[in-house]
Amino acid sequence: MNLRLLLAALLLQACAGTSGAAATVIRNGGFEDGKAPWWGGGELTHDTAAEGQAALKLTSGFAAQDKRPVVGGQRYRISLRIRSEAAPAASVYVQLSYRGGDLAPAWYGPARIRLGGRSEAALFVTGGDHDWQDFSVVVETPGEADQLLLYLRKRDKTPGAAYFDAIEVSPTEAPADTVATLYRDALAERHTSPALPPAAAEAALAAAVASGNRPASQLTLAQDAQARVRIHVGTSPDAVTLGAAVRLARYLGRISGGDFLPLSNDANTGSGPLLVVGRDSALSRRLAPDIAYDTLGDDGFVIRSVGPHLVIAGATPRGTMYGVHWLLDRKLGVRWLSPDFTVVPHAPTLRLAPQDTRQVPRFRYRAVLSVEGEDKPFRAHNLLNGESHGPSYQPSPPEFDSWDRSWMAKGGSASFYNLLPPARYREAHPEWYAGGQLAMMNAAMREAMAAEIVRRLKALPDYRQVWFDIHDQDWGWDMDPASRAFAAKHGGHASAPRLDMVVDVADRVRRELPGARFAFNAYHWSFTPPENLRVPDYVMVYPMTIHVDYSTPLDRGRNVPLGRDIARWSRIARNVMVWDHIANFSGYYQPTPNLYPIGRSIQWLATLPNVAGYFAEGSWNTPDAEFASLRAWLIARLLWDPAQDVEALVAEFADGYYGAAAPEILRYIDLMHAAIAASGDVLAEKSQVDLAMYSLDFITAADALFDRAEARVADAPAHLAHVRSARTAVDYVALVRRHEYAAEARARGIAWRSDT
């Protein structure tokens, strides 16, 4: 034991109560000495105790111990017994917090409890009607912690009662539990075969390897609703890999009607054909030892037939998960078209041709910031990997929790005024602030910014994993003289002093934190790149297309200057992310004919070798906006493989999502795109309902198409709901402009009414 742990043990022993466990942090965890030193609600009971002479009963509120001494960085096992009596599900829970140093009050633990409209961390969550059960978890205290607080809780104003007993918090050398490890352990216990004796396990594994020497042939996954393959994982797969394997089993079952559980594993290898999931399985290593994992990146994968088996493996768990999703989608017909609608084909007999594919996405970072694109299962199923902004603050289901959080995620981004608040610095340093932004050539300001970024990066788990974002204030800039003079030397572009400042700040930070990486936005006044400057490889630039004309691709029509600037950034920087705007922020429910332009923009961006990421800002605060699921699905498909036909993808989505109404929906989409082209309108990020494209002729034609679409799916409730949702956009415009349309219809002798 090292000195620090020895001192911790002595401290804990000195502070232990009368419970008899010398190293236990919590005092009187069995309540043999009454409620001392517990405070809060609850009453002692003696007839339902788990052990000893007493237990604590809670019908509402909490009982707590606080100020219990702990050592920062030490791991502790927290265990107790809980009995739940006629209580609602998830109404009985235990929470943990720490104090010390600069720690802000917060709850810790691998579980989550929903309380009204918020979610909080917890150690354990239970409820219902069950007898005494053991609960145990290992936690690691934050480095600054010196006190522990433990709360036993029963949700207020709910029926039933909770009983607590045998509570211990003791130092341990065991690894800390996380949401992912607890999920993995529970999933493995339910869905994997028990281990065989070592000799039998090795013999079964060897037999599977030997059968892989046969030539690959068509694989029968199911025959007459009976499973004909087993799904195989390693002995201790991680949560993402194991979750993907179980998901594969469940979807194969939904398609065929067969039962594909439990899973085979290295310690109990099933006989016959196997679908081997994950690179860490001994079977995948023996069947496919030559897979070049170092060429797959974080998201790529290989799917390969080996004899009667199929290996699905990525370099990372996320890559393996994407391989499973890609196989289900591209080869077996499962379509995740929206967060709440999935197409699953029906095939009691299910066969798969021999496979030998290597898939690596064209764009390294892929994200859609919309309500639909933020949905974590929908995002993972469709191979989107980016998590930034608000979504990065929300917990992920552990089976999907493998996101790229390298950019704009929690703790990795700040604006000028966030880094150097004027309220704090302006009085002493008025020269730092100029024209609504910063005086970017000021050396003292740069030094202060670098120091603040160093402080923030040190607080992250690993600063080398992020592109720390330094973004401007979201308004204009009247350059100070020094910045203007520097810009004049580089084509007169305000991006020149901006870039020079970011590079200088980055260099200052990297002297203290080697390997730190940075990002900055090219936006409004800084969108056009400077002349005779280059962006170093440890800095990423992300042009933001706020001034885009949605009606055409990024490199065509009125967007030609915009596209030219993006291409120039790609020539002077090796790391470029395009932040594209894809929603009408003045009318999330207005017809917005940019589906085909979005697709062609992505295809054009794919020709720029240094554009490695794409982030689409859509209807991030409005659910079910106009064609939002279609946009997210289309973008996801093209970011993985931009060579696909845009119109064909839109038709594929429509066929699954709108069913028999798909032909009319596609005619409406074509009508919408034709209307904007004919009108000559600029379709901007804040277009109003007075656009010329929203003519009476457009509205009447669209109405007729939706009438026919609804009639086609009148007996299909899900498809009908999707059609009516799409129709909302037309109804919205018709409602807002109803008086104008009515007057025009009368003047032209057209039978039209708003049908409010």
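One residue alone among Tyr433, Tyr425 is open to solvent by less than 30 Å² (accessible area, probe 1.4 Å) and over 22 Å from Gly618 (Cβ atoms), and that residue is Tyr433.
Applying the condition of being open to solvent by 20 Å² or more (accessible area, probe 1.4 Å) and touching a strand residue (DSSP E or B) at 6+ places or on another chain (Cβ under 7 Å) to segment 613-650 and asking which residue is modelled with the highest pLDDT yields Glu617. The set of residues in segment 563-590 being among the hydrophobic types (A, V, I, L, M, F, W, C), outside any loop (DSSP other than H, G, I, E, B) and either open to solvent by less than 10 Å² (accessible area, probe 1.4 Å) or within 14 Å of Arg534 (Cα to Cα) (or both) consists of Ile566, Ala567, Trp569, Ile572, Val576, Met577, Val578.
Taking the criterion of being within 20 Å of Phe378 (Cβ to Cβ) and open to solvent by 10 Å² or more (accessible area, probe 1.4 Å), the residues of segment 300-330 that qualify are Pro317, Arg318, Trp326, Arg330.
A search for C-beta distances below 9 Å between a residue of segment 481-502 that is closer than 14 Å to Leu438 by Cβ and charged (D, E, K, R) and any residue that is open to solvent by 40 Å² or more (accessible area, probe 1.4 Å) and part of a helix (DSSP H, G or I), counting only pairs 6+ apart in sequence or on different chains, returns Arg498/Trp525.
Taking segment 33-77 as the range and being within 17 Å of Trp107 (Cα to Cα) and open to solvent by 30 Å² or more (accessible area, probe 1.4 Å) as the test, the residues that pass are Phe62, Asp66, Lys67, Gly73, Arg75, Arg77. Scanning segment 717-749 for residues that are more than 18 Å from Gln590 (Cα to Cα), within 36 Å of the chain's Cα centre (by Cα) and open to solvent by less than 30 Å² (accessible area, probe 1.4 Å) yields one hit, Leu720. Pairs linking a residue in segment 581-597 that is within 15 Å of Ile546 (Cα to Cα) and in contact (Cβ under 8 Å) with a residue 12 or more places away in the chain to a residue that is open to solvent by 20 Å² or more (accessible area, probe 1.4 Å) and in a strand (DSSP E or B), with Cβ atoms under 8 Å and 6 or more positions apart or on different chains, are His581/Glu617; Ile582/Glu617; Ala583/Glu617.
If you go through segment 512-547 and keep only what is in a loop (DSSP other than H, G, I, E, B) and β-branched (Val, Ile, Thr), you end up with Thr528, Val535, Thr545, Ile546.
Taking segment 130-171 as the range and being open to solvent by less than 40 Å² (accessible area, probe 1.4 Å), farther than 16 Å from Tyr108 by Cβ and not in a strand (DSSP E or B) as the test, the residues that pass are Thr158, Gly160. When every residue of segment 635-652 is checked against the conditions, none turns out to be β-branched (Val, Ile, Thr) and under 20 Å from Ser586 (Cα atoms). Pairing each residue of segment 673-685 that is in contact (Cβ under 8 Å) with a residue 24 or more places away in the chain and over 19 Å from Phe627 (Cβ atoms) with any residue that is open to solvent by less than 40 Å² (accessible area, probe 1.4 Å) and acidic (Asp, Glu), provided the two are 6+ apart or on different chains, yields C-beta distances under 9 Å for Val682/Asp549. On the given criteria, is Ala186 among the hydrophobic types (A, V, I, L, M, F, W, C) and not in a strand (DSSP E or B)? Answer is yes for this residue. Kindly evaluate Ser402 against the criterion of being small (Gly, Ala, Ser), closer than 27 Å to Arg456 by Cα, touching a residue at least 12 places away in the same chain (Cβ under 8 Å) and open to solvent by 20 Å² or more (accessible area, probe 1.4 Å). Yes.
The values are calculated or read from the model by the stated rules, or taken from the named source; none is laboratory data. If you're wondering where the values come from, they're calculated on a predicted model, not measured in any experiment. For neighbour counting, all protein chains shown are included, and Cβ atoms are generated from backbone atoms with ideal geometry for every residue, glycine included. The accessibility values were calculated without ligands, DNA or RNA, using every heavy atom of the protein model including side chains. Shrake-Rupley method; radii C 1.70, N 1.55, O 1.52, S 1.80 Å.
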